[in-house]
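Right, one structure below, let's go through it.
The values are calculated or read from the model by the stated rules, or taken from the named source; none is laboratory data. As the structure is a computational prediction, the values presented were derived from the model and not from experiment. Methodologically, a virtual Cβ is constructed for each residue, glycine included, from the backbone with ideal geometry; neighbour enumeration extends over all protein chains shown. For accessibility, only protein heavy atoms count, side chains too; no ligands or nucleic acids. Shrake-Rupley method; radii C 1.70, N 1.55, O 1.52, S 1.80 Å.
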Amino acid sequence: VASAPGKVLMTGGYLVLERPNAGIVLSTNARFYGIVKPLHVEVKPESWAWGWADVKLTSPQMARETMYKLSLKNLKLQTVSSRQVLNPFVEHAVEYAIAAAHATFDKDKKDMLHKLLLKGLDITILGCNEFYSYRNQIEARGLPLTPESLASLAPFTSITFNAENSIGENQKPEVAKTGLGSSAAMTTAVVAALLHYLGVVNLSSFSMDQSHGRKDVSDLDIVHVIAQTAHCIAQGKVGSGFDVSSAVYGSQRYVRFSPEVLSSAQNAGMATPLTEVIYDVLKSKWDHERTKFSLPPLMTLLLGEPGSGGSSTPSMVGAVKKWQMSDPQNSLETWRKLSEGNAALEMHFNTLHKLAERNYNVYEHVINACSLLPAEKWLETANEPSEAEIVKELLRARDVMLGIRYYMRKMGEAAGIPIEPESQTHLLDTTMRLEGVLLAGVPGAGGFDAVFAVTLGASSKNVTKTWSSLNVLAMLVTEDPRGASLEDSDPRAREITAAVSSVQLQ
């Protein structure tokens, strides 16, 4: 069982698509799980004779089960029935993970791999509730739009499908999502589970807190390359990859890889064997940059779902690219301002980390004092120069975020798309006026998906309360800097055990 986290792109929306622009991406406690085990106890004689393996993919939340045959010759999956719903992300994850084993194993290990695959693969995928919108279920039960109502849902609750399937650009996705990068987390979890199961990597040492874990991350690098390749090919385009990178390594400052590293995978036809393609991809010069990053101490990430139906990121990216081509001078200037703002915000956060390390007691005192007041009164709490230094750094971070929001809105207006729609502007301004709120914004490409806030100390309760009164559902999502990890058991068994223990305690 392996898991990978969902993400929030705090800065770098649109810019992160082009090198050398950086984005700050936070990984979250919302995790996707990939569970891999043998499908059969014994090898079936016909599998041995024909050289294919059975693969079963189950998604309990969507009540779906798909059966495949995997050719052990060309490592391609074929569905058993044409009526089955396909999942290209998991299919590519399976094919590429097995190809990675073939590309890296010697003859003895290949024989063992062959025997393991002949027993078949039983793969289950599970996503935490936070990846999907459960507003409708909460409202249907007559419950208030609060985190408590969300917490009352059973873990891995069944997902309701969007009934409307309008044709055209505004076509709703099959299920209502919250924008945490479910496909990247799902692909990464399946790749990690398979690579560990097949013996290509050993993820045991990454299951503890990774910030204090091993310095050698070569096993995670393999997970990253395979997951990134599978995700891009399944999407049909080479994206920036920040979502997969955070699913593998956790919270970070990210600069994308050059798209050329995937040219062999994109051009892979029937002529080149998949093992050769994956061998090339593994040997390519992956030039992405990632630097460790996390929120300073005593700060909380909050996400709110406004329930306005979500936005289509690809069409918004297309509109921004069109604007860049039609107005190169102004677009370059806007991007320069955004890039400077993103770098400044990162610098202020890093300074706050250092101030917390220098004197944690003073830092804690300042954060707790500011958590009770709106920003314009924070300086009044500072009685010492060391306290004033921390408050000023908080206020600088806040001002930088206001500047980032201004230029994101400007870019949206110029490109004719709602990057920070008026309704979101009103919501974010209201949020930033609340006690203890450091900053608020729209993550990633913006639009109607979600809003985020970073709060100080214990002030997040004020925000969830205010959001609830404005028909915004505060999600049960916080920052968790951990990346892909090996889990010790099926997460459903853990939830059942936890529920039983709490009942016994009561």
I'm trying to understand the selection: among the residues of region 251-283, which are closer than 27 Å to residue 26 by Cα, open to solvent by 10 Å² or more (accessible area, probe 1.4 Å) and either among the β-branched types (Val, Ile, Thr) or out of contact with any Asp or Glu (no Cβ under 8 Å at 6 or more places or on another chain) (or both)? 259, 260, 261, 282
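Would you tally the residues in region 482-506 being in a helix (DSSP H, G or I) and either at pLDDT 55 or above or open to solvent by 60 Å² or more (accessible area, probe 1.4 Å) (or both)?
11
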Need the failing condition index for residue 418 against (1) in a helix (DSSP H, G or I); (2) farther than 17 Å from residue 296 by Cβ; (3) open to solvent by 20 Å² or more (accessible area, probe 1.4 Å), just the number. (1)
Against the definition (buried (at least 24 other Cβ atoms within 10 Å of the Cβ) and in contact (Cβ under 8 Å) with a residue 12 or more places away in the chain), how does residue 103 come out, yes or no? no
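Looking at region 340-362, can you tell me whether even one residue there is over 16 Å from residue 449 (Cβ atoms), out of contact with any helix residue (DSSP H, G or I) (no Cβ under 8 Å at 6 or more places or on another chain) and aromatic (Phe, Trp, Tyr)?
Of the residues in region 340-362, the ones over 16 Å from residue 449 (Cβ atoms) are 340-362.
Subset that is out of contact with any helix residue (DSSP H, G or I) (no Cβ under 8 Å at 6 or more places or on another chain): 340, 343, 346-347, 350, 353-354, 357-358, 360-361.
Of the ones still in play, those that are also aromatic (Phe, Trp, Tyr) are 360.
Yes: region 340-362 contains one or more residues that are over 16 Å from residue 449 (Cβ atoms), out of contact with any helix residue (DSSP H, G or I) (no Cβ under 8 Å at 6 or more places or on another chain) and aromatic (Phe, Trp, Tyr).
Determine, yes or no, whether residue 465 is in a helix (DSSP H, G or I) and without any contact (Cβ under 8 Å) to a residue 24 or more places away in the chain.
Values: in a helix (DSSP H, G or I): yes; without any contact (Cβ under 8 Å) to a residue 24 or more places away in the chain: yes.
Yes: the conditions hold for residue 465.
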Residues in region 35-61 that are open to solvent by less than 40 Å² (accessible area, probe 1.4 Å) and modelled with pLDDT under 90: how many? 2
Tally time: how many residues in region 447-481 are open to solvent by 10 Å² or more (accessible area, probe 1.4 Å), touching a helix residue (DSSP H, G or I) at 6+ places or on another chain (Cβ under 9 Å) and of a type outside the set (Val, Ile, Thr)? 9
Which residues, counting only those in region 292-305, are modelled with pLDDT of 95 or more and surrounded by fewer than 16 Cβ atoms within 10 Å (Cβ to Cβ)? 297
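Starting from residues that are among the acidic types (Asp, Glu) and within 27 Å of residue 491 (Cα to Cα), keep the ones in region 99-138 and report whichever is farthest from the chain's Cα centre (by Cα).
Step one: of region 99-138, the residues among the acidic types (Asp, Glu) are 106, 108, 111, 122, 130.
Going one step further and asking which of them are within 27 Å of residue 491 (Cα to Cα), we end up with 122, 130.
Working: 122: 25, 130: 11 Å.
My answer is 122.
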Tell me, please, whether a residue that is open to solvent by 70 Å² or more (accessible area, probe 1.4 Å) and not assigned by the TED database to the domain that holds residue 470 can be found in region 127-135. no
What are the pairs, 6+ residues apart or on separate chains, where a residue within region 71-87 that is on the phi > 0 side of the Ramachandran plot and open to solvent by less than 30 Å² (accessible area, probe 1.4 Å) has its Cβ under 9 Å from a residue that is of a type outside the set (A, V, I, L, M, F, W, C) and outside any loop (DSSP other than H, G, I, E, B)? 75/95; 75/96; 75/102; 75/275
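Suppose the filter is within 26 Å of residue 181 (Cβ to Cβ) and either open to solvent by less than 10 Å² (accessible area, probe 1.4 Å) or in a strand (DSSP E or B) (or both); does residue 428 pass it? Even if it seems obvious, please write down each step before you answer.
Numbers: within 26 Å of residue 181 (Cβ to Cβ): yes; either open to solvent by less than 10 Å² (accessible area, probe 1.4 Å) or in a strand (DSSP E or B) (or both): yes.
Considered against the rule, which asks whether it is within 26 Å of residue 181 (Cβ to Cβ) and either open to solvent by less than 10 Å² (accessible area, probe 1.4 Å) or in a strand (DSSP E or B) (or both), residue 428 comes out as yes.
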Residue 412 passes all but one of the listed conditions (1) without any contact (Cβ under 8 Å) to a residue 40 or more places away in the chain; (2) farther than 19 Å from residue 13 by Cα; (3) in a helix (DSSP H, G or I); the exception is number (2)
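With the structure loaded, tell me whether residue 384 is within 21 Å of residue 297 (Cβ to Cβ) and open to solvent by 80 Å² or more (accessible area, probe 1.4 Å) or whether it fails that test. Break it down into steps so the answer makes sense when it comes.
On the way: within 21 Å of residue 297 (Cβ to Cβ): yes; open to solvent by 80 Å² or more (accessible area, probe 1.4 Å): yes.
Judged against the criteria, residue 384 is a match.
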Give me the residue from region 45-60 that is assigned to a helix (DSSP H, G or I) and not charged (D, E, K, R) and, out of that set, nearest to residue 160 (Cα to Cα). 60
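Which of the following residues is touching a residue at least 24 places away in the same chain (Cβ under 8 Å) and either open to solvent by 30 Å² or more (accessible area, probe 1.4 Å) or farther than 22 Å from residue 340 by Cβ (or both): 395, 372? It would help to see each step written out before you state the result.
Working: 395 fails: touching a residue at least 24 places away in the same chain (Cβ under 8 Å).
Just one listed residue meets the conditions, 372.
Would you point out the residue of region 222-237, among those that are in contact with an Asp or Glu (Cβ under 9 Å, 6 or more places away or on another chain) and either surrounded by 21 or more Cβ atoms within 10 Å (Cβ to Cβ) or free of Cβ contacts under 8 Å to residues at least 24 places away in the same chain (or both), that is nearest to residue 76 (Cα to Cα)?
The first filter runs over region 222-237 and keeps only residues in contact with an Asp or Glu (Cβ under 9 Å, 6 or more places away or on another chain), leaving 230-231, 234.
Next cut, either surrounded by 21 or more Cβ atoms within 10 Å (Cβ to Cβ) or free of Cβ contacts under 8 Å to residues at least 24 places away in the same chain (or both) only: 230-231.
Working: 230: 13, 231: 16 Å.
Filtering region 222-237 for residues that are in contact with an Asp or Glu (Cβ under 9 Å, 6 or more places away or on another chain) and either surrounded by 21 or more Cβ atoms within 10 Å (Cβ to Cβ) or free of Cβ contacts under 8 Å to residues at least 24 places away in the same chain (or both), the one nearest to residue 76 (Cα to Cα) comes out as 230.
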Are any residues in region 426-449 of a type in the set (Gly, Ala, Ser) and under 12 Å from residue 313 (Cβ atoms), and if so, which ones? 444, 445, 446, 447
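Can you pull out every residue in region 279-334 that is more than 22 Å from the chain's Cα centre (by Cα) and of a type in the set (Val, Ile, Thr)?
First pass over region 279-334, keeping only residues more than 22 Å from the chain's Cα centre (by Cα): 279-285, 298, 319-334.
Hits for region 279-334 are 281, 320, 334.
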Would you mention how many residues in region 345-362 are open to solvent by less than 70 Å² (accessible area, probe 1.4 Å) and within 24 Å of residue 253 (Cα to Cα)? 10
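Residues in region 218-235: is at least one in a loop (DSSP other than H, G, I, E, B), at pLDDT below 95 and not polar (S, T, N, Q)? So that I can check it myself, show each step before the final result.
Filtering region 218-235 down to residues in a loop (DSSP other than H, G, I, E, B) leaves none.
The answer is no; no qualifying residue exists.
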What about residue 68, is it on the phi > 0 side of the Ramachandran plot and open to solvent by less than 20 Å² (accessible area, probe 1.4 Å)? no
